[in-house]
1. Which of V147, V136, V357 moves the most in a Gaussian network model of the chain with Cα springs under 10 Å?
2. Specify whether the C-alpha gyration tensor of the range 115-204 places it in the rounded, prolate or oblate class, a ≥ b ≥ c being the square roots of the eigenvalues: rounded for a/c under 1.5, otherwise prolate if a/b is larger than b/c and oblate if not.
3. In nm, give the distance between the simple-model label positions of R101 and S36, each being 7 Å from the Cα along the Cα-to-Cβ direction.
4. Mind listing the long-range amide H neighbours of E42? Cut-off is under 5 Å, sequence gap 5 or more, other chains count too, H placed in the peptide plane at 1.01 Å from N.
5. Which FRET efficiency value, to the nearest 0.05, do you get for A219 and Y117 by plugging their Cβ-Cβ distance into 1/(1 + (r/R0)^6) with R0 = 30 Å?
6. What net charge is computed for the residues neighbouring L424, neighbours being all others with C-beta under 11 Å from the C-beta of L424, Lys and Arg scored +1, Asp and Glu -1?
7. Quick query: amide H of V170 versus all other amide H atoms, modeled in the peptide plane; which residues come in under 5 Å with a sequence gap of 5 or more or a different chain?
8. What is the sum of charges, Lys and Arg at +1 and Asp and Glu at -1, for the other residues whose Cβ falls under 10 Å from the Cβ of T111?
Amino acid sequence: MSPASSYRAVKGTRDLLPPESEKFAAVEAAARAVFSSYGYGEIRTPVLESTELFARSVGETTDIVHKEMYTFLDRKGRSLTLRPENTAGVVRAAIERGLERLPRPLRLWYTGEQFRYERPQKGRYREFRQIGAELVGVAGAASDAEVLTMLFDFLRRLGFSQLSVSLNCVPGGQARETFADALRAHVRPQASRLNEDDRRRVEENPLRLFDSKDPETAAILAGAPTTLAFLDADAAAHFAQVKSLLTAAGIPFTESPTLVRGLDYYTVTVFEVISGGLGAQNAILGGGRYDNLFADMGGPALPAVGFAIGEDRLVEVMPHDPRPLRELWYVLPGSSDEFSYALRVADAIRGAHPAAVAETDMSGRGFSKGFARASQILSGDATYPFRVSEVRVVSVGSEERSEQTVKIKTLSSRQEEVLPFAALGVHAMGEKR
Ligand code: AMP
């Protein structure tokens, strides 16, 4: 093995190459199109944040902070962490920028890499991507309905039709304490059956027991009190309103009284969407309200709601290919003598057909092999970066070069046409259909 080939991507990370990377780009383009149509602008926050930010927001006793963060000391001894999620960074950025200088309500979306030290498996990576959105500054149920409507708009645009939201309402404030006490009282008599982590959770943060993957814990929780019985009047009214708004908006949901989500900052509404085809890692997105986070982070008390979609999982279960169909103009020089002319031809085509791909064959393989390659792309070459609706082979041989013409063959109809170079930008063959 040569020295270079012994390098491997770090465990749990992966390279995305075309056509896979083009699918991710298409999903992100759809997110941008849908989210911006609701007034959400993109925010990009640093991949590195101070460790303290996540400990304070996501919560010390969560799995994420407790055992999944990539944390290290920099050269000056500061503790930094590769972000395990993006909401904390968004909240930090908004407070740091000065919320009074930002529009209210604040509508932001993001996409980017997140890092968690988990056991890699199908749908679970150590570096993965999330696409999310945050609506800050609106307390009412209409804000929950807006983000869920936008989310479904996006999912439907990608072709999903069978998805349903699992919805719950988690008590906040004093009611959360009462709920935690009731959970403790239920679990304590059976605490000896719990693993060490979960036993610690009983005392420190019993809501986190619902995140446990241990079947023993799940069995003990089966008869435990659930969130809905502990809601105060405001939370109960909010939850009822969210449900009626979702029904009115045609968003399918089911109530899941044990859903709490693995991050401490969630209060009131929490939701998740799961999908088949992913094995155990079946949650494609999660979200909810985080009405206390801004104040907890030292900012003004601003209500907020948001979600994060696992982009890697989404791409794995998408019902169809999200890449747009594009026409390929395959510029094929007869020999290397025609390369310079071919490059000019390709340029003129790009000018006339901005949505198309104009690719110049530089292999020097000549007409017959070049045509074979072009046909292979049209018939669906799985390694080609783009989804191709039609291929037009633009042959430029010595004759075309001396006469400043091109010969265009449309592969599916086998139609052939000779055009003067000057007509390429004007006579847009693609537009005739
Ligand atoms: P969370 O930030 O934990 O609420 O997760 C939101 C979504 O991110 C989940 O529903 C998953 O789709 C995705 N996700 C979380 N962790 C991972 C991971 N390790 N690998 C891939 N996707 C993940």
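1. For the chain, modelled as a Gaussian network with Cα springs under 10 Å, the answer is V357.
2. Since a/c reaches 1.5 but b/c is at least a/b, the shape of the range 115-204 is classed as oblate.
3. 2.4 nm
4. Under 5 Å from the amide H of E42 lie the amide H atoms of W109, each far enough along the sequence or on another chain.
5. 0.60
6. Once positives and negatives cancel, what remains is +1.
7. V268, T269, V270
8. Spelling it out: positives minus negatives among the neighbours equals -1.
Quick note: the coordinates plus some simple rules give every number you see, no bench work behind them. What you see is a predicted model, and the numbers here were worked out from it, not measured in a lab. A quick note on method: Cβ atoms are made from the backbone with ideal geometry, for glycine too, and the neighbour counts reach across all protein chains shown.
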